[in-house]
Amino acid sequence: MRILKEAIEQYLTKETFGRCDFHTHSFLSEGALLPMEALRRAHALGIEVYAITDHASASTLDIIPKVVKDCELATKHWGIIAIPGIELTHVPVGAMDELIDQSLELGAKIIVIHGDYDNFRARRERNQSSSSKK
Ligand SMILES: [Zn+2]
């Protein structure tokens, strides 16, 4: 959630308010459109900030660089702020940090946690409080 919060703080401004979507899917998971077509339609509708956050787990993180390429093209040629992301889905809590790191390395700028977020957050809070006591 921290990563999504940072992205929202970075991109959600008075000027873009109401014209942002930070959580969408292409046909790479449960959506119907190519990432590029989703970006094109978003741009045509006047959306200024559009993140593609397809569902993935360890076996499908390779979709991230593909989305990065389309987002770069959309931003360069249409001016929409296109943000590559990922929705880590039903990943075991113990593997989450590793997959977050891999997602960031592959180019994801927004990471949504789907499936076990409450346990993930509780574990993070425990780890943070135990490390701050040292
Ligand atoms: Zn989703």
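The values are calculated or read from the model by the stated rules, or taken from the named source; none is laboratory data. Since the structure is predicted, the reported quantities are computational estimates derived from the model, not experimental observations. All Cβ positions, even for glycine, are placed from backbone atoms using ideal geometry, and neighbour counts span all protein chains on display.
Reported count of residues in segment 101-133, each being surrounded by 14 or more Cβ atoms within 10 Å (Cβ to Cβ) and of a type in the set (Ser, Thr, Tyr), is 2.
For segment 1-39, a residue qualifies if it is more than 15 Å from the ligand (Cβ to nearest atom), modelled with pLDDT under 95 and charged (D, E, K, R), and the qualifying residues are ARG2, LYS5, GLU6, GLU9, LYS14, GLU15, ARG19. Within segment 86-100, restricting attention to residues that are charged (D, E, K, R) and assigned to a helix (DSSP H, G or I), the residue that is surrounded by the fewest Cβ atoms within 10 Å (Cβ to Cβ) is GLU98.
Screening ALA42, ALA95 for residues that are modelled with pLDDT under 95, away from the ligand (no atom under 14 Å from the Cβ) and small (Gly, Ala, Ser) leaves exactly one candidate, ALA95. Among the residues that make up segment 51-65, is at least one of them of a type in the set (Val, Ile, Thr), part of a loop (DSSP other than H, G, I, E, B), touching a strand residue (DSSP E or B) at 6+ places or on another chain (Cβ under 9 Å) and at pLDDT 95 or above? Taking every residue of segment 51-65 in turn, at least one turns out to be of a type in the set (Val, Ile, Thr), part of a loop (DSSP other than H, G, I, E, B), touching a strand residue (DSSP E or B) at 6+ places or on another chain (Cβ under 9 Å) and at pLDDT 95 or above. Against the numbered list (1) at pLDDT 95 or above; (2) more than 20 Å from ALA7 (Cα to Cα); (3) within 16 Å of the ligand (Cβ to nearest atom); (4) of a type outside the set (A, V, I, L, M, F, W, C), GLY115 comes up short only at (1).
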